[in-house]
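Notes follow the structure.
Quick note: the coordinates plus some simple rules give every number you see, no bench work behind them. As the structure is a computational prediction, the values presented were derived from the model and not from experiment. Reconstructed Cβ throughout: ideal geometry from the backbone, glycine too, with neighbour counts over all protein chains shown.
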Amino acid sequence: MKRNLIFLGPPGAGKGTFATMLKEKEHLAHISTGEIFRNEIKNQTELGKTAKKYVESGGLVPDEIVAAMVSKRLGEPDCDNGFILDGFPRTIKQAELLKKALAEKNSKIDAAILFEADDELLLKRLTARMSCPKCGKDYNKLFSPPKNKWFCDDCEVELTQRKDDTLETAKSRLNLYKKETAPLVEFYKKENLLCSVNSDGEKPAVLKELQKVIKE
Ligand code: AMP
């Protein structure tokens, strides 16, 4: 089975959602670089202070900083059983640094799974995303709203929106994806690692397709 996975795709394509579902089924470590940065920013660490301006404006944190952070994370024991990289790599340079870091650990990527959806749907999803600041549960105003507007079903705390999910910043993140990250599709095709999943369907069906892809 393929266990060292990259989830590729534009913001809002469902990488985080399906990584959370798959990691529970297959006991994989879920490494979301965006989530790590948001936590570092919240905790006002040195890394958080460096990353803040890039993350909040929808820009990219410099390659060396992200690659070093991921390489360190991949050395933790929960990654020995396999991992999902969600939001990394995002540039060709990061993909090369990742390959090198894994080779040094006698490891490699088994598959890069591409999630796709059209721009209109992506922007709709991104600008309607909300989450609970207490438990982290994700909601979407259009597709998976809370029972009570706009409070967490479990904590009853008011939901918040990510600073980079405003329409303007979401559009610029999509453009950045096309310029910097989309070339990774060719990169992983050449490495014979690319698989595609249509993430527009119902969640259980997409999860089933994902499980099939990694078992092939
Ligand atoms: P995400 O949660 O994946 O949408 O990431 C949120 C933000 O974190 C991005 O818009 C970037 O500013 C930053 N970020 C996350 N992953 C990376 C990466 N691999 N390279 C550079 N910046 C990143």
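Here are the numbers for this structure:
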| read-out | value |
| --- | --- |
| Length added when fully stretched, residue 24-residue 39, from 0.36 nm per residue minus Cα-Cα | 3.3 nm |
| Crossing angle, helix 46-57 versus the chain [Cα axis fit, 0-90 degrees, rounded to tens] | 70 degrees |
| Residues with amide H under 5 Å from that of residue 111, placed H, sequence gap 5 or more | 4, 6 |
| Backbone HN-Hα couplings from phi across the range 24-33 [Karplus 6.51/-1.76/1.60, Hz, Gly and Pro as x] | 5, 5, 10, 6, 10, 6, 10, 10, 9, 5 |
| Efficiency of FRET from Cβ geometry, residue 134 and residue 96, R₀ 35 Å, rounded to 0.05 | 0.35 |
| Placed amide H near residue 151: partners under 5 Å, 5+ positions off or other chain | 159 |
| Calculated from backbone phi, Karplus (6.51, -1.76, 1.60) coupling profile of the range 72-86 in Hz, x at Gly/Pro | 5, 5, 5, x, 7, x, 5, 7, 4, 8, x, 8, 10, 8, 10 |
| Amide H partners (placed H, <5 Å) of residue 130, local residues excluded | 139, 140, 141 |
| Extension gain (nm, one decimal) between residue 1 and residue 151, 0.36 nm per residue minus Cα-Cα | 50.0 nm |
| Debye intensity ratio I(q)/I(0), log10, the range 1-123, q values 0.21 Å⁻¹ (C-alpha model) | -1.34 |
| Between 0 and 90°, nearest 10: helix 203-215 axis offset from the chain longest Cα axis | 10 degrees |
| For the chain, alpha-carbon Rg relative to the globular expectation (2.2 N^0.38 Å, N residues) | 0.99 |
